[in-house]
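Worksheet: one structure, shown below.
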Amino acid sequence: MIIQHQYSDIQTKTGLMRTSVIRPAEEGSFPTIVFYSEIFQQTSPITRSAQILAGHGFVVLVPEIFHELNPIGTVLAYDDPGKDKGNADKFTKPLEDHDSDTQAMVEFVQQQSYCNGVISVMGVCIGGHLAFRAALNPYVAGAFCLYPTDIHSNTLPCKPDNDSLSRSGDIRCPMILVFGKQDPHVSADGRQLIHQTLSQNKCNFNWHEVNAQHAFMRDEGDRYDAALAMQMYRMAIDFFHSIQHH
């Protein structure tokens with residue numbers, strides 16, 4: 001499927017959020033995936049991931065997750081200064097502001113003729129956490145969370161008892177969570193805590209632990225596992241299509 005790529009500046013509670021809209025070129029209305037990036041925002045690997053998803057018949061939105069903290073169009077490099085700035089942003093922006101960003105994207109989707117109203121979410125790293133968080137939004141139909149960070153540790157700023165794990169009992173949509181066993185960011189104990197909490201809360205979730213490092217989806221750098229990444233894209237696309245036809 002041939003795709004097209006535009007930008008929309010979406011008004012949120014905390015300012016304008018530049019958002020990539022990557023979607024099929026053909027006429028029609030399609031289900032939406034909000035794709036949340038790593039701390040580096042919309043890098044080339046993130047764009048390529050979004051294009052793969054869009055080519056399977058989805059409208060993919062890639063928001064600038066730290067739009068309040070950077071000039072529009074900011075992309076951080078995969079180096080130490082980029083990592084330091086991205087982590088500083090991550091620990092500055094409260095989860096409540098991510099919630100209002102998600103709501104702004106939901107309202108944007110509801111106004112577009114090329115969207116059919118079905119909205120799912122996906123993300124990698126902090127984006128995996130943001131996809132998990134977005135599953136709290138009643139308009140989100142499903143969440144695919146790849147090596148989500150900071151859920152087990154409750155290290156992102158938020159109001160008391162509003163952290164994502166504490167709120168997980170409010171999630172109504174199906175979720176798939178994927179963790180790398182060799183990922184130092186989410187320890188075995190951390191994974192166990194998430195799994196136990198979701199089980200106790202009777203969440204609808206599938207769980208996958210794979211032999212991979214953190215960021216194994218990213219097709220730049222030495223942790224990329226192409227075979228495993230392909231498997232995950234296939235799993236995500238099947239999952240989103242099943243939601244579409246539910």
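The values are calculated or read from the model by the stated rules, or taken from the named source; none is laboratory data. Keep in mind that what you see is a predicted model, and the values were worked out from it rather than measured. Here Cβ is always computed from backbone atoms with ideal geometry, including for glycine, and neighbour counts include all displayed protein chains.
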Q: Name every residue in region 168-215 that is charged (D, E, K, R) and either within 20 Å of Cys125 (Cβ to Cβ) or in contact with a Lys or Arg (Cβ under 6 Å, 6 or more places away or on another chain) (or both), in order of residue number.
A: Lys181, Asp183, Asp189, Arg191, Glu209
Q. Which ones in region 172-202 are surrounded by 19 or more Cβ atoms within 10 Å (Cβ to Cβ) and not in a helix (DSSP H, G or I)?
A. Cys173, Pro174, Met175, Ile176, Leu177, Val178, Phe179, Gly180, Asp183, Val186
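Among the residues of region 30-49, write down those that are within 19 Å of Ile243 (Cβ to Cβ) and surrounded by 24 or more Cβ atoms within 10 Å (Cβ to Cβ). Please lay out each step first, then the result.
Of region 30-49, the ones within 19 Å of Ile243 (Cβ to Cβ) are 30-36, 49.
Listed by number, the residues that qualify are Thr32, Ile33, Val34, Phe35, Tyr36, Ser49.
Taking the stated definitions as given, is Gly128 assigned to a helix (DSSP H, G or I), within 19 Å of Gly86 (Cβ to Cβ) and either in contact (Cβ under 8 Å) with a residue 60 or more places away in the chain or over 18 Å from the mean Cα position of the chain (by Cα) (or both)? Walk me through how you get there before you give the answer.
Values: assigned to a helix (DSSP H, G or I): yes; within 19 Å of Gly86 (Cβ to Cβ): yes; either in contact (Cβ under 8 Å) with a residue 60 or more places away in the chain or over 18 Å from the mean Cα position of the chain (by Cα) (or both): yes.
Here the answer is yes, as Gly128 does meet what is asked.
Anything in region 50-95 that is of a type in the set (D, E, K, R) and either in contact with a helix residue (DSSP H, G or I) (Cβ under 8 Å, 6 or more places away or on another chain) or buried (at least 16 other Cβ atoms within 10 Å of the Cβ) (or both)? List them, or say none. Show your work before the answer.
Here is the first cut: in region 50-95, the residues of a type in the set (D, E, K, R) are 64, 68, 79-80, 83-85, 89-90, 93.
Within region 50-95, Glu64, Glu68, Lys85, Asp89, Lys90, Lys93 meet the criteria.
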Q: Starting from region 27-44, keep only residues that are of a type in the set (Asp, Glu), then list their pairs with residues that are in a strand (DSSP E or B) whose Cβ atoms are within a distance under 6 Å, requiring at least 6 positions of separation or different chains.
A: Glu38/Val124
Q: Grab the strands (runs of 3 or more DSSP E) fully contained in region 1-114, keeping just those with 2 or more residues being at pLDDT 95 or above and within 15 Å of the chain's Cα centre (by Cα).
A: 15-24, 30-36, 59-63
Q.
I'd like the full set of residues that are farther than 19 Å from Cys125 by Cβ and among the β-branched types (Val, Ile, Thr), limited to region 10-45.
A. Ile10, Thr12, Thr14, Val21, Ile22, Thr32
Q) Quick one: Arg133 ticks every box in (1) outside any loop (DSSP other than H, G, I, E, B); (2) under 27 Å from Ile194 (Cα atoms); (3) more than 12 Å from the chain's Cα centre (by Cα) bar one, so which box is it? A) (3)
Q: With the condition kept exactly as written, say whether any residue in region 153-164 is in a helix (DSSP H, G or I), within 18 Å of Gly123 (Cα to Cα) and more than 15 Å from the chain's Cα centre (by Cα).
A: no
(Q) Restricting to region 16-58, name every residue that is small (Gly, Ala, Ser) and within 20 Å of Leu76 (Cα to Cα). (A) Ser20, Ser37, Ser44, Ser49, Ala50
Q: Tell me which residues, restricted to region 132-171, are surrounded by 21 or more Cβ atoms within 10 Å (Cβ to Cβ), in contact (Cβ under 8 Å) with a residue 40 or more places away in the chain, over 19 Å from Ser187 (Cβ atoms) and not aliphatic (A, V, I, L, M).
A: Gly142, Phe144
Q | Close pairs from region 82-102: first closer than 18 Å to Lys159 by Cα and charged (D, E, K, R), partner in a helix (DSSP H, G or I) and at pLDDT 95 or above, Cβ under 6 Å, at least 6 apart | A | Asp89/Leu69; Lys90/Ile126
